[in-house]
Each structure stands twice: as structure tokens, then as C-alpha cells.
Amino acid sequence: MKTLTCTIPGTFEYSETEKPELKKDHSIIKIKRIGICGTDLHAFEGTQPFFNYPRVLGHELSGELVEVDGAEGFKIGEAVTFIPYFNCGECIACRMNKPNCCVKMQVCGVHVDGGMREYLQVPSRTLLHGDGLSFDELALVEPLAIGAHGVRRADIQPGEFVLVIGAGPIGLGTMEFARIAGANVIALDINEDRLAFCKDKLKVAHVVNALSADVTEQLSKITNGDMPTVVIDATGNQKAINNAINYMAHGARFVLIGLQKGDLIFNHPEFHKRESTLMSSRNATIEDFEHVIKSMKAGLVNPTNYITHQVKFDQVKDEFETWLDPKNGVIKAMVSID
């Protein structure tokens, strides 16, 4: 089978590798779609934490089930996606029903080789039925689940003002599921095109450019002087994360979906006087994946809004670096393998 490997930062190489042989309690998927996410872009740049080279990237995946073992209820030939976080099932996190932050976590395409190849073997327990969704839609379930999980962590209540920092694919999905939870959503980003996308495509009522001199004043006006009671970072940018404390209401929750390599540096008095709650949000659980699929089927989310670039698998090596340039307006690049 044809495989694409990120051998070192900035370099992809195609090669012919062996098709996997079916193992007990595993299933083999013929990959049809590969969504390109920030993790893949950062890995290519060499800025992704928890990462080693060489690595086959790709964890936003969908395809056709071609071999199964221990996959009760699944049939060969059906369209599927899967949960790409392979947990141990035994550690303290797994025993607490938090498999998304397993101590021995193996994320497909990060810690172990991913889906930029024609066939991929996954644990059968991670499979999810396509449920009538297209391959494009199924490949978008995972990134949307990341945002859905962050929203669930925040325990958003209807009517709350929720500030989402970062209008990349993860941030956009977070805005969608905050809206579904009943929030008044505010988008904050430095890219005017992304902010316009929030307004025009996602119907986000409030957008603020983070480069404005009066961000705090704008947020105060939008929230009737209260400031947002939930702030969610989806940038993974150290400056944005460290500055976000200034945008929080007293008693607010701050959820970190984005990940950066450096330290968190807050002004302690500012954080303390608010009696702020700080929490991280890692990966997602089956409940989040199921929520996303149900929301797609109900028409609450239109996942194809996100797909701005489509390429064939053979074109990825030549096209990938262009997706790093903000001028090209990439929100979600989708790779197809036929």
C-alpha cells in the first residue's frame, strides 16, 4: 500500500509499505478521507509537543471497513470513522472513565503511525458507525468532538456569554457546540477573514479582532459590563493564553483546548480575585463523538462549511506546505484516497 511519512520536520516521503494483517480484536479500514488538522501542521513545522519522527500523520479519518475481528454490530463494507485515542484501559484515568487523558495514551498519527496510507488497523472498540454520513462528514467528526468536549468541560449554561479565542477549525467547532449548548458566543481572532467566516457561515453574533486596542472594552460592552463567564482558548498560542485572564468575568471558567510548549504565566492577584476556575480539555470521549454525529444528522452543524481545500492523496506532498500560509485561507484541507 502507498504510505506518506513525515520523515523530519518539513519533509514528506511516499513509500510502499505492507498492508496490515488482521490482529485479534482489531479491524482494518480502507481509508477514504484524511482531514488535515493543526496537529499535522505543527508536526510538519516541528512545533508539536509529544512528537517523534519519522511519523505517518493523520487522525481525522473515515473509510470503508474491510476486515473485522471483535467488532460486534459492524459489517464489512460499511462506512466508519473511529476514536483515534488508543487508551490502556487500566490506568487511573481509564478507571475514572477519562480514557481521553489516559496515562499511557497513544494518539493515532501522533504517538503511533496514523492514517496517511491506504489501509489502517485500529482497535475494534474504537469504531463508530457512519450512520448515513458521507466520508467527508465522518472525517470531520473528530475535530468537532474536540470542541464539543471542551464545551462539555465548561458546563455551559443557556444564556452565558462564552468567549472562544481562536477561529481555526477547532475554535470554529467549539463555537458551534457552545451555540448548541445555548451560549451567546463571542469569537476572538486576529484574522479578519476568519472572523467574517464566523459571522457569515456560523452566524456568530459577536466578533472581536484581538489586535484592537480596546478588546476589553468591546467585551465589556457585549456582555453588559459583566465580561464572559466562560473563556475557551483554541489557539495554542502562549501570548493569547496568558492574556486571556483579562477577559474573564469574576467567577468565570477558563478552558484550555489549545496546547503550547511553554509555561502558563498569569497575574496571580487578577486570577485569584476572580475565584477563577482553570481546566484543560484533552481529546474527547465517545459521548462527545456521539453528540457530534447526532448534531450533524439533526442539521445543527454543517460540517462541509469547513472544507476549503480538497486534494488527492498523491498531491499532499506538494500541497501541504501551502496550507501553512494564512494567505491561502485554509480552514480545513480534505484529502481523498480513491
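Name the single residue, out of those in region 203-219 being of a type in the set (A, V, I, L, M, F, W, C) and more than 19 Å from residue 178 (Cα to Cα), that is most open to solvent (accessible area, probe 1.4 Å).
Our first condition is that a residue be of a type in the set (A, V, I, L, M, F, W, C); within region 203-219, this holds for 204-205, 207-208, 210-211, 213, 215, 219.
Now drop any that are not more than 19 Å from residue 178 (Cα to Cα), which leaves 210-211, 213, 215.
Details: 210: 39, 211: 129, 213: 112, 215: 8 Å².
Applying the filter and picking the extreme gives 211.
Which number in (1) within 30 Å of residue 253 (Cα to Cα); (2) in contact (Cβ under 8 Å) with a residue 24 or more places away in the chain marks the one condition that residue 307 misses? The one condition residue 307 does not meet is (1). Filtered by the rule that a residue be buried (at least 18 other Cβ atoms within 10 Å of the Cβ) and closer than 18 Å to residue 101 by Cα, region 253-269 gives 255, 256, 257, 258, 259, 260.
Close contacts from region 139-161, counting a first residue that is without any contact (Cβ under 8 Å) to a residue 60 or more places away in the chain and a second that is small (Gly, Ala, Ser), with Cβ to Cβ under 6 Å and a gap of 6+ residues or different chains, come to 158/182. Screening 154, 145 for residues that are of a type outside the set (D, E, K, R) and touching a helix residue (DSSP H, G or I) at 6+ places or on another chain (Cβ under 6 Å) leaves exactly one candidate, 145. Among what's in region 90-145 and is β-branched (Val, Ile, Thr) and open to solvent by less than 60 Å² (accessible area, probe 1.4 Å), pick the residue that is nearest to residue 179 (Cα to Cα). The qualifying residue nearest to residue 179 (Cα to Cα) is 141.
Across region 146-187, the qualifying residues are those that are over 15 Å from the mean Cα position of the chain (by Cα) and in a strand (DSSP E or B), and the one among them that is surrounded by the fewest Cβ atoms within 10 Å (Cβ to Cβ) is 184.
Filtering 204, 151 for residues that are touching a Phe, Trp or Tyr at 6+ places or on another chain (Cβ under 6 Å), β-branched (Val, Ile, Thr) and at pLDDT 95 or above leaves a single hit, 151.
Given 13, 21, which one is out of contact with any Phe, Trp or Tyr (no Cβ under 8 Å at 6 or more places or on another chain), part of a strand (DSSP E or B) and either of a type in the set (Phe, Trp, Tyr) or open to solvent by 50 Å² or more (accessible area, probe 1.4 Å) (or both)? Only one candidate qualifies: 13.
Residue-wise test of (1) within 30 Å of residue 252 (Cβ to Cβ); (2) open to solvent by 50 Å² or more (accessible area, probe 1.4 Å); (3) touching a residue at least 12 places away in the same chain (Cβ under 8 Å); (4) over 17 Å from the mean Cα position of the chain (by Cα).
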residue: 271; (1), (2), (3), (4): yes, no, yes, yes
residue: 283; (1), (2), (3), (4): yes, no, yes, no
residue: 287; (1), (2), (3), (4): yes, yes, yes, no
residue: 295; (1), (2), (3), (4): yes, no, yes, no
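Just one of the listed residues (232, 222, 190) is open to solvent by 30 Å² or more (accessible area, probe 1.4 Å) and in contact (Cβ under 8 Å) with a residue 60 or more places away in the chain, and it is 222.
Count, please, the residues in region 241-252 that happen to be surrounded by fewer than 20 Cβ atoms within 10 Å (Cβ to Cβ) and in contact (Cβ under 8 Å) with a residue 12 or more places away in the chain. If you could, list the steps in order and put the result at the bottom.
Just the residues of region 241-252 that are surrounded by fewer than 20 Cβ atoms within 10 Å (Cβ to Cβ), to begin with: 242-243, 246, 250-251.
From the residues that got through so far, the ones that are in contact (Cβ under 8 Å) with a residue 12 or more places away in the chain too are 242, 246, 250-251.
The total comes to 4.
In the set (1) among the acidic types (Asp, Glu); (2) in contact (Cβ under 8 Å) with a residue 24 or more places away in the chain; (3) open to solvent by 30 Å² or more (accessible area, probe 1.4 Å), residue 40 fails one condition alone, (3).
Checking each residue of region 198-217 against the condition of being under 19 Å from residue 308 (Cβ atoms) and among the acidic types (Asp, Glu) gives at least one match.
The values are calculated or read from the model by the stated rules, or taken from the named source; none is laboratory data. Remember, it's a predicted structure, so these values are computed and weren't measured experimentally. Heads up, the Cβs are rebuilt from the backbone with ideal geometry, glycines too, and the neighbour counts pull from every protein chain shown. Side chains included, ligands, DNA and RNA excluded: accessible areas come from the protein's heavy atoms. Shrake-Rupley method; radii C 1.70, N 1.55, O 1.52, S 1.80 Å.
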